[in-house]
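The structure under discussion appears below in the form of structure tokens.
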Amino acid sequence: MAEKWIADATKNKGALREALDIPEGETIPQSRLDEEQSRLRKKSEKGKLSDSQRRLLRQVNLAETLRRLR
């Protein structure tokens with residue numbers, strides 16, 4: 001059951017990398033994920049996230065979760 005949610009959550013592979021402008025083959029630095037997460041969370045507290053920013057925040061949160069599972 002645990003494998004199914006991961007498969008469903010990672011349908012758009014490379015979308016986060018593309019949004020952060022990181023070349024394919026390089027790992028996404030933890031500092032970059034932390035920066036984006038804090039920036040988007042500050043905006044969300046004010047209620048001013050667009051749909052694409054909301055999606056990016058979910059992708060960053062998923063990347064953090066999957067990194068901890070390794």
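The values are calculated or read from the model by the stated rules, or taken from the named source; none is laboratory data. All figures in this text were calculated on a predicted structure; none of them were measured in a lab. Backbone-built Cβ (ideal geometry, glycine too); neighbour counts: all protein chains shown. Note: accessible area is taken over every heavy atom of the protein model, side chains too, but ligands, DNA and RNA are not part of it. Shrake-Rupley method; radii C 1.70, N 1.55, O 1.52, S 1.80 Å.
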Checklist entry - Can you name the condition, by its number, that I28 falls short on among (1) open to solvent by 40 Å² or more (accessible area, probe 1.4 Å); (2) in contact with a Lys or Arg (Cβ under 7 Å, 6 or more places away or on another chain); (3) under 19 Å from R68 (Cβ atoms)? => result (1)
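Quick one: which residue in L56, L49 is part of a helix (DSSP H, G or I), aliphatic (A, V, I, L, M) and either open to solvent by less than 60 Å² (accessible area, probe 1.4 Å) or free of Cβ contacts under 8 Å to residues at least 12 places away in the same chain (or both)? So that I can check it myself, show each step before the final result.
Details: L49 fails: part of a helix (DSSP H, G or I).
So the residue among L56, L49 that is part of a helix (DSSP H, G or I), aliphatic (A, V, I, L, M) and either open to solvent by less than 60 Å² (accessible area, probe 1.4 Å) or free of Cβ contacts under 8 Å to residues at least 12 places away in the same chain (or both) is L56.
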Checklist outcome for this item: All-but-one check, L16 against (1) surrounded by fewer than 15 Cβ atoms within 10 Å (Cβ to Cβ); (2) at pLDDT below 90; (3) assigned to a helix (DSSP H, G or I), failing number (1)
Checklist entry - In region 32-46, which residue that is over 11 Å from the mean Cα position of the chain (by Cα) and open to solvent by less than 60 Å² (accessible area, probe 1.4 Å) is modelled with the highest pLDDT? => result S38
